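Q: Next up is a structure, given as structure tokens.
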């Protein structure tokens, strides 16, 4: 058996995902059966703060098995999807399991195992100590104790900060109301006044207490048409709300001026006349020649 006891935490916390049933751990094991083989009886596990039972095989939803070689435990049911809800830890029996006879030969494996168990207990107690309430190493306080609990009482330091004592909550008195903003309150006695004290304007306060989105939009000044525009599911339905007919809608979404004129019924000739840069070019579009054009523009004195 190896002499080394690794300096590893004796507890590991993992997170379930509702699917995973096998979880690994890194700490060393020391509990052995009568044949000197690790039996995993010093491994314990909790899921969602419920302690499960170790079994040798076929675990149920409240049980688990231990593989001492792979350093894994297998739950009978996958822990729920939660953060840090799986705790695996070692707890060595606080007892002496080996005796030695005077002048008798001591097997090295037996002695090493005995010493390793002592170190495992030290590791576990160290882990427990890290979860206790402690004063810093610079403190001069010694033998600090917590007084016997008294129902509905609080703990406080005494006047010299030397020890903890129970104190009745009633003895602290009642705060004066309303509590000011500086003290973490609002300085108000009603919800409406509290909102205003915290900076809400009249409009903001009205918005805050509206019962639905429609009422909130009306508070912001939306009329019936504006409200319909705001809640339109598509751009087309918004234009229809504004009174656009089929032709008007087609004009509104025309990609070019030419397509807009076509929507209005313009033919090729009409379109050419519409975009003629001068009256002359418009007449030419209509088929007028030079003479016809001249006659068209002559006048009598």
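No value in this document is a laboratory result; all are computed from the given coordinates. Since the structure is predicted, the reported quantities are computational estimates derived from the model, not experimental observations. Because the Cβ atoms are built from the backbone with ideal geometry, glycine has one as well, and the counts that use them run over all protein chains shown.
Q: Using only the Cα atoms, what convex hull volume per residue in Å³ does the range 86-148 have?
A: Each residue corresponds to 201 Å³ of Cα convex hull volume.
Q: Modelled label-to-label distance, residue 118 and residue 225, 7 Å Cα→beta-carbon offset: nm?
A: Roughly 9.4 nm, to one decimal.
Q: Rounded, prolate or oblate: which one fits the range 93-217, using the alpha carbon gyration tensor with axes a ≥ b ≥ c (rounded when a/c is under 1.5, else prolate when a/b beats b/c, else oblate)?
A: Since a/c reaches 1.5 and a/b is larger than b/c, the shape of the range 93-217 is classed as prolate.
Q: On a 0 to 90° scale, report how tilted helix 108-129 is relative to the longest principal axis of the chain, with both axes built from alpha carbons and the result rounded to the nearest 10.
A: Compared with the principal axis, the helix lies near 50 degrees.
Q: So what is the calculated 222 nm ellipticity per residue for the chain, using -39500 (n - 2.57) for each DSSP H run with n of 4 or more, over all residues, to the nearest 500 deg cm²/dmol?
A: Rounded to the nearest 500, the figure is -8500 deg cm²/dmol.
Q: Rounded to the nearest 0.05, what FRET efficiency do residue 15 and residue 67 give with R0 = 25 Å and r taken as the Cβ-Cβ distance? Could you check?
A: FRET efficiency, residue 15 to residue 67: 0.75.
Q: Sort 261, 90 so that the residue with the fewest other Cβ atoms within 10 Å of its own Cβ comes first and the one with the most comes last.
A: Listed from fewest to most nearby Cβ atoms, that is 261, 90.
Q: How do 157, 119 rank when sorted from fewest to most other Cβ atoms within 10 Å of their own Cβ?
A: 157, 119
Q: Still on this structure, please answer the following. Any chance you could run the full-extension gain for residue 106 through residue 192? It's 0.36 nm times the residue separation minus the Cα-Cα distance, nm to one decimal.
A: Extending this stretch completely gives an extra 22.7 nm.
Q: Taking 30 Å as R0, compute the FRET efficiency from the Cβ-Cβ separation of residue 288 and residue 253 and round it to 0.05.
A: Efficiency computed from Cβ-Cβ geometry: 0.25.
Q: Determine Rg/Rh for the range 196-260; Rg is computed over alpha-carbon atoms and Rh is the Kirkwood hydrodynamic estimate from the same atoms.
A: Answer for the range 196-260: 1.25.
Q: Multiply the residue gap between residue 151 and residue 170 by 0.36 nm, knock off their C-alpha separation, and tell me the result in nm, one decimal place.
A: 5.6 nm
Q: Just rank 47, 37, fewest to most, by other beta-carbon atoms within 10 angstrom.
A: In order of increasing Cβ crowding within 10 Å: 37, 47.
Q: Treating the Cα atoms of the range 179-301 as identical point scatterers in vacuum, please give the log10 of the normalised Debye intensity I(q)/I(0) at q = 0.14 Å⁻¹, two decimals.
A: These q points yield log10 I(q)/I(0) values of -0.83.
Q: Related question: Once Rh for the chain is found with the Kirkwood sum over Cα pairs, what is the Stokes-Einstein diffusion coefficient at 10 °C and 1.306 mPa s, in µm²/s?
A: Reported coefficient: 52 µm²/s.
Q: Along the Cα-to-Cβ line of residue 209, 7 Å from the Cα, sits a label point; which residues in the range 179-200 have backbone N less than 11 Å from it?
A: 190-196
Q: Given R₀ = 25 Å, what would the calculated FRET efficiency be for residue 60 paired with residue 128, taking r from the Cβ atoms and rounding to 0.05?
A: E between residue 60 and residue 128, to the nearest 0.05, is 0.25.
Q: By how many nm would the segment from residue 276 to residue 8 lengthen if fully extended, with 0.36 nm per residue of separation less the alpha-carbon distance?
A: Taking residue 276 through residue 8 to full extension adds about 87.4 nm, to one decimal.
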